[in-house]
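Just so it is clear, none of the values below were taken in a lab; they were calculated from the coordinates. Because the structure is predicted, anything quoted here is derived from the model rather than measured. Here the Cβ positions follow ideal geometry from the backbone for every residue, glycine too, while neighbour counts run over all protein chains shown.
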Amino acid sequence: MNSGKKEPDALSRRLFLKSSALGAAGLGISQFGCSNGKNSNKSEAPKIQGFEDTSKAPDPYKGWVSFSERKIRVGLVGHGVCKFASQFGFQNHPNVEVVAVSDLIPERCAEMAKACNCQKTYPSLEELVKDKTIEAVFVATDAPSHVKHCIEVLKHGKHVACAVPAVYNSLEDADRLFEAVKSSGLKYMMFETSSFRETNYAMRQIFNAGGFGQMVYAEGEYYHYMEKPIDSYQGWRIGLPPQLCPTHSNAFYICVTGGSFTEVSCMGIPSLIEHLKAENNRYKNPFGTEIALFRTSEGGIARMAVSWDTPGDGGERGRVRGQRGTFYDKYEGLETKLPNLDRPPLPPGMPLGGHGGSHGYLTNEFVYSILQDRKPLVDIAMALNLTVSGIVAHQSALKNGELLKIPQYNF
Ligand SMILES: NC(=O)c1ccc[n+]([C@@H]2O[C@H](COP(=O)([O-])OP(=O)(O)OC[C@H]3O[C@@H](n4cnc5c(N)ncnc54)[C@H](O)[C@@H]3O)[C@@H](O)[C@H]2O)c1
């Protein structure tokens with residue numbers, strides 16, 4: 001146990017250093033934490049803001065102890081504009097063997113195999129899951145395919161990790177996925193990057209130690225300017241309703257407390273940006289910014305913002321106010337004995353990766369949940385509570401803020 005103010009002060013100093021370093025990153029380089037434009041799969045692609053957003057933790061490996069020699073046999077799928085499946089250090093984890101990789105586009109598949117130092121490739125996820133030697137699959141395909149792909153993996157008796165969001169604009173799909181995971185007895189984890197950001201991790205430890213008491217108010221933001229639609233498989237990002245990508249902001253309540261949102265009133269304003277006008281996108285979506293006001297499962301309030309059409313300051317971040325304390329990049333409150341707020345040690349050689357250095361921790365959490373046969377942090381219930389609340393928020397925005405109930409998931 002570390003005492004009092006020491007840990008939060010160290011944390012806020014690191015966060016200050018990080019934000020200073022990022023100050024020069026500039027505008028419009030990245031949206032969604034990855035590169036934009038059609039060159040994004042070439043080596044001369046511009047620097048990616050989200051991926052540069054790494055941790056300054058002094059020694060993230062200090063204190064790590066191996067507890068198992070077992071190697072889980074993993075398949076990686078999806079090397080799109082974010083080259084996502086290869087970004088999370090599966091190929092570096094001592095308890096993982098990357099057996100095969102896949103992307104529908106052969107050049108991407110080949111590049112991915114090289115990046116992961118893996119010899120075996122499959123032309124599709126559907127072919128990869130037939131490989132009986134594979135025990136777990138990381139699905140980093142286009143968001144609209146996540147449910148279909150995760151269910152396909154589970155049907156073949158394999159554990160599954162999935163990039164966000166868990167489901168895409170369908171409450172029926174959410175129920176289908178929930179049932180599929182529950183009946184499979186296998187592990188499902190959504191790789192919500194905000195959940196292992198330094199601040200989010202710290203807030204979760206403080207909440208669990210009682211340092212906030214009942215949460216009164218939480219705020220989260222996911223701000224990424226998207227003047228032009230970013231490349232995406234079959235154009236799923238063109239005109240994307242902001243609250244269909246709600247998890248990075250919602251995590252600043254749900255991943256801190258393990259709670260959920262029970263009802264929502266959400267508002268948007270018509271966007272000036274061409275692809276975010278209703279007549280120009282498949283979603284008939286008129287909004288580039290949607291601000292949701294949620295009732296939390298503790299009876300408190302949360303304001304969660306997603307914006308694509310406001311240039312300037314961007315990021316994925318949040319803060320909380322509880323009856324016993326607050327967290328605005330550091331803890332201030334009534335609790336004097338705080339637990340250790342540093343993220344747990346990673347196996348040496350694991351990259352922390354982007355999105356606040358969260359990537360390595362997410363992979364480690366998924367791998368350990370299999371080795372230790374326990375629920376991963378962002379299990380199916382948390383993944384759906386993070387995602388479905390945004391789907392309902394968008395429906396509310398289309399009804400000018402009508403208060404709507406949100407389905408609840410417990411597992
Ligand atoms: N911070 C974050 O958590 C974060 C950041 C960026 C992206 N993401 C998520 O990561 C995922 C990937 O993002 P992206 O921008 O690279 O997506 P993308 O749309 O550019 O690429 C998707 C890739 O999946 C491949 N694919 C589709 N179906 C397939 C199949 N059946 N078999 C094999 N490959 C298949 C496509 O060929 C394509 O290369 C998305 O779901 C996105 O939401 C999350």
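Where both bridge residues fall in the chain, DSSP classifies roughly 55% of the beta bridges as antiparallel. Pairs of Lys residues in the range 144-273 that lie 8 or more places apart, or on two chains, and have C-alpha atoms under 29 angstrom apart add up to 8.
If you look at the Cα atoms of the chain, you get an Rg and a Dmax of 20.1, 57 Å. When 326, 289, 199 are sorted by how many other C-beta atoms sit within 10 angstrom of their C-beta, beginning with the fewest, the order is 326, 289, 199. Projected over all directions and averaged, the alpha-carbon convex hull of the range 241-331 occupies 6.6 nm². Counting every alpha-carbon pair across the range 197-268, the share separated by more than 20 Å comes to 43%.
Helix-only arithmetic for the chain: the sum of -39500 (n - 2.57) across DSSP H runs with n ≥ 4, divided by the residue total, places the mean residue ellipticity at 222 nm at -8500 deg cm²/dmol.
Shown for 269, 406: other C-beta atoms within 10 Å of each C-beta, ranked fewest to most, produce the order 269, 406. In summary, the range 253-411 shows an alpha-carbon radius of gyration equal to 1.22 times the 2.2 N^0.38 Å reference for compact globular proteins. By the compact-protein rule of thumb, 2.2 N^0.38 Å, the alpha-carbon radius of gyration of the range 102-194 corresponds to a ratio of 1.08. Dipole orientation for the chain: of the candidates 234, 269, 157, 157 has the Cα lying most toward the positive pole (charges on Cβ; Lys, Arg +1; Asp, Glu -1). Taken along its three principal axes, the alpha carbon spread of the range 313-361 comes to 39, 32, 11 Å, from the longest extent down to the shortest. When restricted to Cα atoms, the range 88-134 yields an Rg and a Dmax of 10.4, 29 Å, respectively.
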